Amino acid sequence: MRRLFPVTDETPAQTADREWSPAELAAAYAYPEPRDHAPDALRPWLRGNMVSSLDGAAQHDGHSQPISSAADMRIFGTLRALADVIVVGAETVRQEGYRPARARTDFAAAREAAGQTPAPAIAVVTASLDLDFSLPLFTSPLVPTLVLTGAAAAPERVAAAERAGARVVVAGEGMGVDPARAVSALAALGHTRLLTEGGPRLLGQLIAAEVLDELCLTLSPTLTAGDAQRIAGGPSVAVPRRFELVSLLEEDGFLFGRHRRP
């Protein structure tokens, strides 16, 4: 992995043409440290991680794997290992066959020192709770899976989720989930390092609600054509929101950008 934008004190010659260690990647993608004694010291930080082809596709044949790479998956694993919780939409859970997050030996000591669980929890955003609660994501996670839904969710589906071992968190007044309330609810549970992996509809909702603090975007050197979704869907915002480039890495033609809210 070659550094294109400064993220460490090393010279480019020291970082060129070698695979970064887990510790180096963790340092490059570290969450911001809360300011001591600041009123927002426990403010959650929501980071998105997505991959896009050169022509704007977030998927190919319904999956992100065909436009990904080994380096992309290393960063994907690092971002998961740094997070308290991974927020994901129900449709992505169904399409991508989500499984529980696993504990990673490389990050075990750092997570313990930070007061984190051995692996991040998965938080599924769903209005209908139309999910297969017999899947390992619900029946055998290392950390109980969270289900974020609205107050008007069907009681029988809520009961099914709870019987499977999931923790149901109400984050909306009606059937749906309010993004800002979801972030607050997760923070109230002690999850301040938030990661979302989409899908596009959920990411679009988070953008529209102005709760996304950071976007980690992999630009894949591929072309797909077709009618695949972009990384974010839903209604457009009234005024485009500009983010600042924090870092940019490259490997095998893949660009790994990290952008933050100003």
Do the conditions hold for Ala154, that is, is it free of Cβ contacts under 8 Å to residues at least 12 places away in the same chain, open to solvent by 10 Å² or more (accessible area, probe 1.4 Å) and on the phi < 0 side of the Ramachandran plot? no
Filter pass, Thr92 being at pLDDT below 95, open to solvent by less than 50 Å² (accessible area, probe 1.4 Å), under 23 Å from Ala232 (Cα atoms) and hydroxyl-bearing (Ser, Thr, Tyr)
yes
Inset, instruction - Please tell me if Ala26 is within 27 Å of Ala110 (Cα to Cα) and at pLDDT 90 or above. - result: yes
Residues in the stretch 191-227 that are in contact with an Asp or Glu (Cβ under 7 Å, 6 or more places away or on another chain) and at positive phi total 1
From the option list Val170, Val211, Val183, single residue qualifying as β-branched (Val, Ile, Thr), modelled with pLDDT of 95 or more and open to solvent by 60 Å² or more (accessible area, probe 1.4 Å) is Val170
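The values are calculated or read from the model by the stated rules, or taken from the named source; none is laboratory data. Quick caveat: nothing in here was measured; it's all calculated off a predicted structure. Neighbour counts are summed over all protein chains in view; Cβ atoms, including those assigned to glycine, are modelled from backbone coordinates with ideal geometry. What goes into the accessible areas is simple: the full protein's heavy atoms, side chains included, and nothing from ligands, DNA or RNA. Shrake-Rupley method; radii C 1.70, N 1.55, O 1.52, S 1.80 Å.
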